[in-house]
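Colleague: Before anything else, here's the structure in question.
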Amino acid sequence: MKKLFLILTCLFLCALSATASKETLIILDQSASMYEPFQYGMKFKYAKQAVNKILENLDDNEFIGLRTIGINPEKMRLNSMVTTDTLCHATERLNDINPHNRANISDNLHNIVPSGMSPIQYVLQTALQNDFKPSTDIKRIILVTDGYENCDGDPCRYIKKQMMKRNDLIIDIVAIGVNSVDAALLQCLTNSTHGRFINVKKPDDIKPSVNYIFNNPSPETTPVKLENPQIITPKPENTILYKSYLLEFTE
């Protein structure tokens with residue numbers, strides 16, 4: 001009987017380990033630019049639709065989590081004078097990576113309001129250091145965003161350096177109305193990790209675009225060379241009065 005118990009325990013632990021060998025983290029851009037119009041609504045409305053469509057394509061027993069890019073509007077209400085450093089280190093893990101998490105993630109979407117900037121490199125670095133289990137075989141990030149880095153980071157260079165010492169990371173990107181310059185820069189992230197990049201041009205494209213990501217294998221792509229760094233954007237002053245766009249946001 002003791003031997004049988006040990007065998008059953010081993011089988012259970014092995015099955016659990018196999019289930020946890022792949023983890024998916026959805027990173028949702030909630031920066032202030034998500035207030036910009038996108039056909040019949042604001043970008044953020046359709047970004048949330050994209051996240052819900054991603055959740056529909058994942059099995060409920062898969063290990064899934066949610067992290068945001070941008071600052072919590074409550075912090076903006078409490079202190080309208082914020083430093084650039086604060087804005088460029090703003091991210092929050094709303095859902096740990098766990099199974100049976102789809103409903104919890106979907107519920108949390110209702111409480112997110114766009115505010116802040118887009119420190120994409122910092123968020124990717126934070127996610128890789130804190131959100132995934134080191135032993136996980138495949139660490140998948142699905143980034144939903146409307147643009148590239150607007151702090152002083154360089155996500156492309158950071159990810160390329162990461163991929164020189166690891167082979168467990170895949171980044172897929174669902175871009176909401178991204179311009180051609182930002183699209184090219186974001187594609188560096190997917191190219192470097194053999195992920196897929198989709199630029200949603202109109203709301204009706206959200207469903208087929210997300211389905212494409214899940215129904216097509218990762219492409220074998222050639223990474224963008226490091227000799228072509230990102231376009232440099234002007235660095236803001238150290239302390240600024242930031243317009244937080246704290247307007248009433250409706251679906």
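Colleague: Do any of 139/165; 139/201; 43/201; 48/133; 43/202 go past 21 Å between their Cα atoms, and which?
Modeller: Details: 139/165 14 Å; 139/201 28 Å; 43/201 11 Å; 48/133 26 Å; 43/202 10 Å.
Checking Cα-Cα distances, 139/201; 48/133 exceed 21 Å.
Colleague: May I ask you to derive the relative contact order of segment 68-142, considering only C-alpha pairs under 8 Å and at least 6 residues apart, and to give it as an integer percent?
Modeller: 41
Colleague: Return 132, 44 ranked ascending by Cβ neighbour count within 10 Å, so the fewest neighbours appear first.
Modeller: Lowest count first: 132, 44.
Colleague: Can you sort 202, 22 so the residue with the fewest Cβ neighbours within 10 Å comes first?
Modeller: Going from least to most buried by this count: 202, 22.
Colleague: Next up: What is the sum of charges around residue 126, taking Lys and Arg as +1, Asp and Glu as -1, for the other residues whose C-beta is under 11 Å from the C-beta of residue 126? Walk me through the numbers before you get to the answer.
Modeller: On the way: positive: 67, 93; negative: 92, 131.
So the surrounding residues net to 0.
Every read-out reported here was derived from the displayed coordinates using simple, explicitly stated rules and does not represent laboratory data. Predicted model, so just to flag it, every value in this text is computed and none were measured. Neighbour counts are summed over all protein chains in view; Cβ atoms, including those assigned to glycine, are modelled from backbone coordinates with ideal geometry.
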